[in-house]
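Scroll down for the structure; my scribbles are underneath it.
The values are calculated or read from the model by the stated rules, or taken from the named source; none is laboratory data. Note that this is a predicted model, so its numbers are computed, not measured. Cβ sites come from the backbone with ideal geometry, for glycine too, and all protein chains shown count toward neighbours.
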Amino acid sequence: MTAGAEAQPELNTLELETDGEIATLTLNRPDSFNAMSPELIDELGIAFEWLAVQPLRALIITGSGVAFCSGGDLNWFKLGIEDPDVDIVSSVKAGAERLHQGIAALRRIPYPVIAAINGPAAGAGFSLALACDTRICSEKAFFACAYGRIGASPDGGMTYFLPRVVGPGRAIEILLNDPNLSPESALEENLVAEVVAPEKLLDRAREKAEKLAAMSPYYVRMSKQLVSGSLDHNMTEHLEFERDAIANSMATDDLHNAVTAFLSGGESEFTGR
């Protein structure tokens, strides 16, 4: 079966919609503030694996109801604490492994991923938002690491992505002090690109998605890969990756057409070829 040919997965805790070349994934457990149950974690991995091979141009991730995602489902943890037959350590280890596989699949998506943060993003919900390429939040949102409030170690990529957004020193300050970061504070910390009124959030996310979807898919894909890998390479290695990437871009029809259009004063349209 060719990439992109798989049928859209059936999901219970998520809603996945595609409209043209833009997809929207909505966490859909509003009664629990979209907390990450084992089922939701499994379905995130399924959805991201599917999305990573689709011929799409942008993805929006948001939450249903009043929250983006409140983090791990405490009822899951509570069951393991109260029921001696449940090995909560093994259960959470397996859940974290599946979550991390999902985050890795999210990062393999070659097109822009926009988090439209409609409400609180706490714990692993904050981690999920950080794993996206860019974030827009509602005036009703806030961000919280939250793990320390129950004595749990961070997961979901929190300690990988947060230092890359705000710097290592500031990341440890945020983790240890664990404030509820308001939309204004999140904007100051560069955690979000913009803050909008609640009723405008999805429209603004769609507008941004359409703008990014119109860009060269090769350019977007390589920008994501190069920036993501830049902190893991030394300078000489990274410059070699940049060299190969720009050379390979010369073989794309998109570049040929865009150069011709630019030199003739016309407008270029990127098709992904």
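What the table shows:
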item	result
Any hit, segment 219-235, residues being within 16 Å of the chain's Cα centre (by Cα), crowded, with 19+ Cβ neighbours inside 10 Å and without any contact (Cβ under 8 Å) to a residue 60 or more places away in the chain	no
Unique match (being surrounded by 15 or more Cβ atoms within 10 Å (Cβ to Cβ), under 10 Å from the mean Cα position of the chain (by Cα) and assigned by TED's automatic domain parsing to the domain that holds Asp19) among Val53, Val92, Val113	Val113
Criterion violated by Ala251 - all others in (1) loosely packed, with under 11 Cβ neighbours inside 10 Å; (2) over 21 Å from Pro55 (Cβ atoms) satisfied	(2)
Scope segment 61-88; condition in contact with a helix residue (DSSP H, G or I) (Cβ under 6 Å, 6 or more places away or on another chain), crowded, with 23+ Cβ neighbours inside 10 Å and either among the β-branched types (Val, Ile, Thr) or outside the structural domain of Lys140 (by TED's automatic domain parsing) (or both); matching residues	none
Ile41 closer than 23 Å to Leu202 by Cβ, crowded, with 17+ Cβ neighbours inside 10 Å and in contact (Cβ under 8 Å) with a residue 60 or more places away in the chain	no
